[in-house]
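Participant: Can you keep this structure in mind? I'll have questions shortly.
Every read-out reported here was derived from the displayed coordinates using simple, explicitly stated rules and does not represent laboratory data. What you are looking at is a predicted structure, and each value in this text was computed from that prediction instead of being measured. In this analysis, Cβ positions are derived from the backbone assuming ideal geometry, glycine residues included, and neighbour counts consider all displayed protein chains.
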């Protein structure tokens with residue numbers, strides 16, 4: 001009897017979950033060992049009240065695994081996913097995010113700030129209450145609990161109530177951080193309160209999804225589709241309104257590290273100092289007027305679906321962006337010429353406000369252009385027909401009119417106007433890590449994602465492009481002929497051609513290899529290039545010393561002269577242009593005959609050859625085109641860093657790029673870009689949020705969760721998603737009605 005009990009799957013599962021709890025207790029925390037007492041860290045981790053938290057986690061995992069069939073029907077209800085995402089977002093803001101940048105508060109995390117704010121005399125009562133005791137955690141538990149009960153039991157009045165409590169809690173958290181910032185009086189750009197607000201608002205949306213749901217079964221994609229199709233462009237209007245209000249009412253417009261001046265403060269600061277009339281009018285009243293008029297026109301155009309109003313709103317949005325940039329230049333140039341607050345030239349000492357205002361105008365104008373270019377009647381009819389046809393098929397992305405363009409406007413706005421608001425550290429990360437690896441991932445996606453050829457030596461072409469740039473700019477011991485001594489921008493065509501040749505040279509001898517064998521050969525090619533550069537044959541590559549003094553890119557055409565290297569933002573916008581050009585070319589390539597041939601080879605090379613595809617030529621083109629993109633990235637990297645050596649091109653970098661493509665979604669161009677961006681951003685973000693020894697554990701956990709819950713990747717290709725999920729949507733778990741004359745109860 002006892003043996004049967006111990007062999008029970010439930011007992012084994014419980015034992016495994018408890019073992020997991022103990023392992024997590026040992027891994028997570030600040031406990032450290034001792035050379036004199038090897039059990040010290042173990043006792044600190046296990047024999048303390050904190051172990052109860054991990055035991056509770058283990059029990060929850062056990063309960064979830066054991067009762068999963070009973071839980072699943074409730075997880076299909078509307079609002080479950082946004083509720084989980086919102087709760088996780090608030091939890092991240094409480095545990096990982098900074099809530100203050102004040103140097104007197106160690107670390108600036110929520111718990112440290114709360115312990116001091118709750119007992120500080122003079123701080124606003126509402127902020128003291130919010131930060132006191134367990135109030136923030138109680139708010140999270142109450143909102144989550146009320147919304148969860150409303151969702152599970154479909155209680156609509158409770159859903160409305162929980163949504164209201166969630167909104168109040170989010171606003172309370174955001175304003176409490178603002179009150180602390182005002183009380184401390186120091187420049188503060190922490191995001192904890194804003195992230196908490198987003199989390200609570202997401203939980204409010206989850207509750208509203210239950211209150212407004214027409215069905216007991218969630219179809220999140222179709223719900224979002226209906227929301228986007230209600231008034232195409234309206235989400236852009238709402239987002240532009242939120243960003244614009246924050247920009248004009250609260251954000252810093254000048255001297256973020258000293259004056260922390262808002263729009264009104266900036267107008268007062270420059271009053272009487274000879275500021276240009278247009279810029280002064282913008283700071284005084286014109287900015288608000290432009291925002292209000294553009295907002296009204298965009299909202300009217302999207303609500304009425306009026307193309308003429310849409311064009312007017314789009315034009316006004318574009319004019320407003322230009323006027324915003326002109327005003328920024330005018331008052332920063334004045335500050336630089338007169339030495340205000342340490343400024344030495346234009347575009348210096350700016351806060352986030354003007355860039356957020358430009359982003360708001362861009363989004364509002366984008367909403368107008370979206371309405372104007374849709375051709376509403378035909379688009380909406382097509383959407384309704386597509387929605388009716390897709391009831392039993394796999395959802396292939398959002399089908400709402402203009403949804404792709406809407407997301408594109410948001411991405412472009414973020415790419416254009418977020419980088420100037422970032423710190424110098426994050427601007428450097430954007431350029432030297434995120435941007436370059438996005439370009440590399442785009443190139444590797446051709447080889448791995450589209451053609452299905454596993455390439456572990458892709459970084460070799462990156463090295464070839466970098467060393468080609470170093471040679472043509474005269475940074476290597478062997479100098480080029482005088483007529484070939486070029487600027488880095490002019491070296492791009494040469495790097496592309498040389499990498500094309502190198503790609504063909506790699507592809508030619510490996511045409512008969514597949515799978516692991518191909519991976520091994522490409523891995524060897526990458527190592528051959530690195531070791532050759534390190535061994536310096538003929539004193540060409542300068543060996544381990546590498547190349548020094550690679551110049552920055554320049555453009556000198558008559559009176560036009562522009563030199564990069566002043567700051568990272570210049571490189572970011574140059575990189576943005578390169579990425580845009582490559583993406584546009586590759587989008588056309590994906591839909592071409594060559595792109596379809598790559599897809600056929602990836603699925604079945606023998607069948608592709610039998611249909612008449614020249615597999616030799618097509619695979620060589622995949623290697624060559626992917627290599628050329630890596631060469632462009634090498635040119636950019638060498639000129640931006642100014643120094644390269646063989647250690648910049650180790651095998652680990654090749655494996656990382658493959659991981660980015662797989663994480664984002666093999667065969668998906670947006671997925672490859674998103675995977676590279678997320679996995680290069682995450683380690684840098686975690687540097688200030690978690691202990692260094694725990695950083696890799698968090699990254700591993702994110703990758704593991706992605707592989708479990710989204711095996712096709714972050715933004716999967718349509719074909720890949722169909723392969724993993726099937727062509728038909730999963731059957732509903734709800735019991736369907738059976739006619740009286742059918743089934744077991746039918747009469748003879």
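Participant: Please list, by residue number, everything in segment 147-162 whose backbone N is under 19 Å from a paramagnetic label point 7 Å out along Cα→Cβ of residue 230.
Facilitator: 156-157, 159-162
Participant: In 10 Å bins starting at zero, report the fraction of Cα pairs in the chain per bin as a rounded %.
Facilitator: Percent of Cα pairs in each bin: 3, 11, 18, 24, 22, 15, 6, 1, 0, 0.
Participant: Can I ask one more? Just to verify a number: FRET efficiency for residue 168 and residue 271, C-beta to C-beta distance, R0 = 41 Å, to 0.05?
Facilitator: Once rounded, the FRET efficiency stands at 0.60.
Participant: Give me the one-decimal nm value for the distance between modelled label points at residue 423 and residue 315, 7 Å along each residue's Cα-to-Cβ direction.
Facilitator: 4.4
Participant: Classify segment 427-569 as rounded, prolate or oblate, taking a ≥ b ≥ c as the square roots of the eigenvalues of its Cα gyration tensor: rounded when a/c is under 1.5, otherwise prolate if a/b is larger than b/c and oblate if not.
Facilitator: Since a/c reaches 1.5 and a/b is larger than b/c, the shape of segment 427-569 is classed as prolate.
Participant: Set the Förster distance to 51 Å, then compute FRET efficiency between residue 134 and residue 611 from the Cβ-Cβ distance, nearest 0.05.
Facilitator: Calculated transfer efficiency: 0.15.
Participant: Please compute the modelled spin-label separation between residue 288 and residue 23, points set 7 Å along Cα→Cβ, answer in nm with one decimal.
Facilitator: Taking the two extended label points, one gets 6.0 nm.
Participant: Same structure again: Sort 709, 623, 67 so the one with the fewest other Cβ atoms within 10 Å of its own Cβ comes first.
Facilitator: 709, 67, 623
Participant: Then there's this: In nm, to one decimal, how far is the residue 43 label point from the residue 149 one, both placed 7 Å along Cα→Cβ?
Facilitator: 4.5
Participant: Taking 0.36 nm per residue of sequence separation and subtracting the Cα-Cα distance, how much length would be gained by fully extending the chain between residue 516 and residue 563, in nm to one decimal?
Facilitator: 12.4 nm
Participant: Length gain on complete extension for the stretch residue 484 to residue 531, per 0.36 nm per residue less the alpha carbon to alpha carbon distance?
Facilitator: The residue 484-residue 531 span can extend by a further 14.3 nm.
Participant: Can I ask one more? As a footprinting exposure proxy, order 356, 65 by other Cβ within 10 Å, with the fewest listed first.
Facilitator: With the fewest neighbours first, 356, 65 line up as 65, 356.
Participant: Here is a follow-up. Using only alpha-carbon positions, what ratio does the radius of gyration of segment 79-218 give when scaled by 2.2 N^0.38 Å?
Facilitator: Compactness ratio reported: 1.11.
Participant: Then there is this: For residue 411 and residue 81, compute 0.36 nm times the residue count separating them, minus their Cα-Cα distance, and round to one decimal in nm.
Facilitator: Taking residue 411 through residue 81 to full extension adds about 116.5 nm, to one decimal.
Participant: While we're on this one: Report relative contact order for segment 79-218 in percent, whole number only (criteria: Cα-Cα under 8 Å, sequence separation at least 6).
Facilitator: RCO, segment 79-218: 40 percent.
Participant: Bin by bin, in steps of 10 Å, what percent of the Cα pairs in segment 36-95 do you find, going until the bin that has the longest distance?
Facilitator: Values per bin, smallest distances first: 18, 28, 33, 15, 6, 1.
Participant: How do 17, 499 rank when sorted from fewest to most other Cβ atoms within 10 Å of their own Cβ?
Facilitator: The fewest-first ordering by Cβ neighbours comes to 17, 499.
Participant: Once you keep just the Cα pairs under 8 angstrom separated by 6 or more residues, what percentage relative contact order results for the chain?
Facilitator: In percent, rounded to a whole number, it is 11.
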